[in-house]
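*Asks:* Structure below; questions to follow.
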Amino acid sequence: MELLLSAQIGILVAASVYLMLGRNVLRFLFGLVLLSNAANLTIFVAGRLTRAEPPLIPEGLTAPAGIAANALPQALILTAIVIGFGLFAFALALVFRGYRALGTLDSDEMREAEPRQNRRGVDQASAASESRP
């Protein structure tokens with residue numbers, strides 16, 4: 001079972017890297033979500049898959065009776081899911097705002113703060129300001 005989940009983690013990471021290398025900012029965001037899910041699955045597999053009982057301590061004992069499942073990976077994954085959703089919502093709002101302001105989702109065309117260079121390597125903004133009287 002761990003081998004199957006490890007293969008699934010590899011597929012998720014490969015798909016996320018493919019999406020994140022594109023120029024579209026929305027595809028980058030979905031790649032980031034896939035990478036987050038791959039990390040959550042990695043934590044889940046690292047906690048080992050067992051058919052053990054929940055880690056409940058019976059009354060009068062100081063430790064669980066018998067083999068108990070590890071609850072720490074589950075708590076970490078739950079926290080990571082909440083943080084990942086918050087990151088996704090914030091990034092989606094930024095992408096939406098960028099699209100409304102710039103009219104594109106192509107990261108190469110989102111050059112509001114960067115001057116464009118012509119073929120000679122001179123910034124067009126500085127060349128235009130120098131040519132004015």
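Each reported figure results from applying straightforward, stated rules to the coordinates on display, with no laboratory input. From a predicted model like this one, the values you see are computed outputs, not experimental measurements. In this analysis, Cβ positions are derived from the backbone assuming ideal geometry, glycine residues included, and neighbour counts consider all displayed protein chains.
*Asks:* Between L4 and I43, what FRET efficiency comes out of the Förster formula 1/(1 + (r/R0)^6) with R0 = 25 Å and r the beta carbon distance, rounded to 0.05?
*Replies:* Efficiency, from the Cβ-Cβ distance: 0.90.
*Asks:* Under 5 Å between amide H atoms, partner at least 5 residues away or on a different chain: which partners does A69 have, H built in plane at 1.01 Å?
*Replies:* Answer set, sorted by chain and number: E53.
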